[in-house]
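Student: One structure is given below, represented as structure tokens, and several questions about it will come after.
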There are 2 protein chains.
Amino acid sequence: MKESPFLRRAIKPQRPAKNPLGRDEIVRAALRIVKTEGIDGVSMRRIAAEFETGPSSLYAHVTSKDELLQLMFDEVCGMVEIPPLDPPRWKEQILEIARASHRILLDHYDLARAALAIVPTGPNALRASDAMIGMMLAGGVPAQHAAWAMDRIFLYVTADAYEMSIWRGTATEEEAFPAELERDLRAYFEQVPVDLYPNIRAHAQELVSGDAEARFEFGLALLVDGLGKYVTK
Amino acid sequence: MKESPFLRRAIKPQRPAKNPLGRDEIVRAALRIVKTEGIDGVSMRRIAAEFETGPSSLYAHVTSKDELLQLMFDEVCGMVEIPPLDPPRWKEQILEIARASHRILLDHYDLARAALAIVPTGPNALRASDAMIGMMLAGGVPAQHAAWAMDRIFLYVTADAYEMSIWRGTATEEEAFPAELERDLRAYFEQVPVDLYPNIRAHAQELVSGDAEARFEFGLALLVDGLGKYVTK
DNA sequence: TTCTACTGGCGAACACCGTTCGCGTCAAGT
DNA sequence: ACTTGACGCGAACGGTGTTCGCCAGTAGAA
């Protein structure tokens, strides 16, 4: 018995109209999901659903979820703007790249968590690394220190972005983020036994004060300013 | 029909002899597992198996896996040795606490990954935080900067420990860890297009040189030395 | 002593996850 | 027109955290 023409009509038309999927489409869909639902929302099933298919279809274009995460991370690295080299402003330029990376990671929610587990060897990650090393060299930092400092700064940027995404995640329910958490945490620090934790008790205010950006900048400044002492020019 | 006395004999004796489980026993078992199998090996089923029971039994003593991870982290925080305050050596003492925390995190494999997602408010974590702030205050660092710096340093320590555990993890197969990965990575950097990534190409050697500890110390020194400029005494 | 009431351990199930296998369909080559 | 090849993808496997409800065992009341 031949297939019903009606059934074919119902099925066939959506085949050619179906979203064509390839590596890039998958990566883009995954980035769309991570932005709104976080890295835990990025599952093979969830991505596949975006193309109205099953998870196994993705494995034709991506060998594993791990590879997909690397592709996502490198795609995001491609979004950091890299200023043209300006040697006198080398320190400021390093801060600019660090801030841009930080901002773009935060703009993708949780993604920093995955980034921490990735050895950044993709083309766009290399581009950012190369640029930062170039700035340090232009500033007179010896190559060995430049290489290490670049590594440390990106580690710091990623770790801070991850930590910030967690805080933001816990406050996802109906409250302005900084206010409530800061209040709760200070209340906790102020109530801690003074004989065991004198400094925390005495400085509860300082411990919770300052918004996330100020803390990020404080640590970043320590790292970048410290580079000055290695300059040999 | 009554239950067979034989069956009861076979079952009953192991009931009182069964490992009695409580919060502490569960946390200890989980730490035992994370040491050898990593954080992904720590599942409720795996822990329960340690007590020859099912996962649901654990929920009588622990409200969620998240709480368990917090308990594990704080237990580990209790292992860092805290030297008695010695104001003239304040910088060196900060390095000591940072190194001790780093070492103990690494000694527990992957655990740093979970630690990154935890707001350190447990008693032992507070103890370490309080001690480090005390050292900074003793060194003349203003309270606000001390609070922030403590936060940044522990963030750095945890992030580095996590990154190191990843590298160690990828090399788990049959190769001495540093040698093989360093060789592969340098080969990759040396083969990268010179017009796109001139600095990476030129300094491949510097990028991969230095063992993990040297890199950790380099970043830690930047953070701690940088504190000097805030000292007001 | 016997019956009842309750408490707490835990087996089974639910809804997810990443990944694999192999079937069935469709398209291109002969 | 028929064969052959490739490829999309449904279903399944073995895992995850968590919940529900049963049932054994004990303690207390009659």
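Student: For the residues A:121, B:158, A:63, what sequence is obtained by ranking on other C-beta atoms within 10 Å, fewest first?
Tutor: Fewest-to-most Cβ neighbours within 10 Å comes out as A:63, A:121, B:158.
Student: Here is a follow-up. Please build a GNM for chain B, connecting alpha carbons under 10 Å apart, and tell me which residue among B:184, B:160, B:195 fluctuates the most.
Tutor: Maximum among the listed residues: B:195.
Student: A follow-up question, please. In deg cm²/dmol and to the nearest 500, what is the mean residue ellipticity at 222 nm of chain B if only DSSP H runs of at least 4 residues count, each as -39500 (n - 2.57), divided by the residue total?
Tutor: Dividing the helical sum by the residues of chain B leaves -20000 deg cm²/dmol.
Student: Across peptide A:161-168, how many C-beta atoms of other chains are within 10 Å of each residue C-beta, on average?
Tutor: Other-chain Cβ atoms within 10 Å of each residue's Cβ, averaged: 2.
Student: Relative to the longest principal axis of chain B, what angle (0 to 90°, nearest 10) does the C-alpha long axis of helix B:123-138 take?
Tutor: 20 degrees
Student: Could you tell me how many degrees, from 0 to 90 and to the nearest 10, lie between the Cα long axis of helix A:212-226 and the main elongation axis, the longest principal axis, of the Cα atoms of chain A?
Tutor: 60 degrees
Student: Helix B:23-37 versus the longest principal axis of chain B: what angle, 0 to 90°, nearest 10, using Cα atoms?
Tutor: 60 degrees
Student: When a/c reaches 1.5 or more, the comparison of a/b and b/c decides; with that in mind, is the protein assembly as shown rounded, prolate or oblate per its Cα gyration tensor?
Tutor: Taking the square roots of the gyration eigenvalues as a ≥ b ≥ c, the protein assembly as shown is oblate.
Student: Using alpha carbon centroids, what distance separates segment A:195-226 and segment B:190-233, in Å?
Tutor: 24 Å
None of the figures in this text is laboratory data; all of them are computed from the coordinates on show. Everything numeric in this text was worked out from a predicted model, so none of it was measured. Ideal geometry is used to build each Cβ from the backbone, glycine not excepted, and the neighbour counts take in all protein chains shown.
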